[in-house]
Amino acid sequence: MDNTAPQRYFASDNAAPVHPRVMQALASCNTGHALSYGADPVSERCQQRFRELFGKQSETFLVYNGTGANVVSVAAALRSHQAVICSDVAHINTDECGAVEALTGSKLLSVSTSDGKVSVEACAALLPDPSFVHHVQPGMLSLTQSSELGTVYKPDELRRLCDFAHRHGLVVHMDGARIANAAAALGCSLSELSTECGVDILSFGGTKNGLMFGEAIVCRDPNSLPALPFMRKQTAQLSSKMRYIAAQFEALLQDELWRENAVHANKAAAKLAAGLEEFPEVGLAFKVEANAVFARVPLDWIPHLQRHELFYVWKPEQGLIRLMCSYDTERQDIDRLLSRFREVAGR
Ligand SMILES: Cc1ncc(COP(=O)(O)O)c(C=O)c1O
């Protein structure tokens, strides 16, 4: 990187700073003593707010991070002889250092996907003979919304997957690290894209959308997952200073800040994708439906681009790069990146 490098990049929506309204909420709750482990007024208000969004019977469990949310969800729902069906590119499968397998004992059964989204047909092929003791038994279907490849499941796709899963006795988990981006893209509410379609446990992501840290596990029917509070504690995801996670979520939910942030990030990705059309050498690898742009670029362009910009090379041998937009991506960031593309293209 050169020293004239700018401050905002396309590496990850995780790399963006804390949203000022979230920072303000953290400062505002930082007065006096408050009971720990969620027995404080901010956490109680936050729980109430989540019930307004996901139904009176729902219960929300705040945790520190996305990997933890996934682990707690699996630990609460499955025994170790039961497996999780997920896509081959699912974060739980590729980027969590085997956390689900290590901490819950449940095996992941991955299905291949061309665009990050799993299909009913691919899942059906994994259903074993339930009487065959030598095979793990699928107990959960885990879907990522928006997917790791920046695509979005529509409500009818989700309903079909959830119906299939429930017919076969599978709990449906949604890794919603970026559900905000999916809901913003489709103009839906959070519940319309999750619990109303049949999702049983949702991990609603905060960190990629303006929070300092924190994810919320929303449980549609807590009675069906009685182990969940215990598993949150046992897996070290129960925060003693819960009010600081709750205050951040309160701010994110207030006046739909989550949507405002996600709409901004999605629009930035759409602008970037449109800008890349100028380069016949560059191709979009997947539909740009949320805030991720996956582009195939000539291999020899990558070192030049990386000298000036931070982004991840997804598949080096294919020249596949990931450009991630955030709630704070500016027009000038996109223009600057496109000017780097022009330089390397010799225009
Ligand atoms: C889809 C998805 N799920 C889960 C996570 C895990 O989040 P964390 O890094 O907070 O554990 C990430 C992080 O990049 C992610 O992209």
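Summary of values
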quantity: Residue identified as within 16 Å of ILE201 (Cα to Cα) and either in contact with a Lys or Arg (Cβ under 9 Å, 6 or more places away or on another chain) or at pLDDT 95 or above (or both) among LEU26, LEU53; calculated: LEU53
quantity: Test: SER110 is assigned by TED's automatic domain parsing to the domain that holds ILE217, over 28 Å from ASN223 (Cα atoms) and part of a strand (DSSP E or B); calculated: yes
quantity: Contacts under 7 angstrom Cβ, first residue in region 12-40 being under 23 Å from PHE61 (Cα atoms), partner of a type in the set (D, E, K, R) and in a loop (DSSP other than H, G, I, E, B), 6 or more apart; calculated: ALA34/ASP40; SER36/LYS241
quantity: Matching residues in region 99-114 - criterion: being over 15 Å from PRO138 (Cβ atoms), in contact (Cβ under 8 Å) with a residue 12 or more places away in the chain and within 16 Å of the ligand (Cβ to nearest atom); calculated: ALA99, LEU103, THR113
quantity: Residue pairs meeting the criteria (Cβ under 8 Å; at least 6 apart or on separate chains; first in contact (Cβ under 8 Å) with a residue 24 or more places away in the chain, in region 275-286; second of a type in the set (Asp, Glu) and in a loop (DSSP other than H, G, I, E, B)); calculated: PHE286/ASP115
quantity: Candidates ASP13, ASP40 - the one that is over 30 Å from GLN137 (Cα atoms) and touching a strand residue (DSSP E or B) at 6+ places or on another chain (Cβ under 9 Å); calculated: ASP13
quantity: Hey, ALA184 touching a Lys or Arg at 6+ places or on another chain (Cβ under 7 Å), outside any strand (DSSP E or B) and crowded, with 19+ Cβ neighbours inside 10 Å or not; calculated: yes
quantity: Answer residue from region 74-93, given it is under 14 Å from the mean Cα position of the chain (by Cα) and either part of a helix (DSSP H, G or I) or not assigned by TED's automatic domain parsing to the domain that holds GLU148 (or both) and is farthest from the ligand (Cβ to nearest atom) among those; calculated: ASN93
quantity: Unmet criterion (only one of (1) more than 16 Å from the ligand (Cβ to nearest atom); (2) in a loop (DSSP other than H, G, I, E, B); (3) within 19 Å of PHE204 (Cα to Cα); (4) free of Cβ contacts under 8 Å to residues at least 40 places away in the same chain) for GLU96; calculated: (1)
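The values are calculated or read from the model by the stated rules, or taken from the named source; none is laboratory data. Nothing here was measured: the structure is a model prediction, and the numbers come from that model. Here the Cβ is made from the backbone with ideal geometry for all residues, glycine too, and neighbour counts use every protein chain on show.
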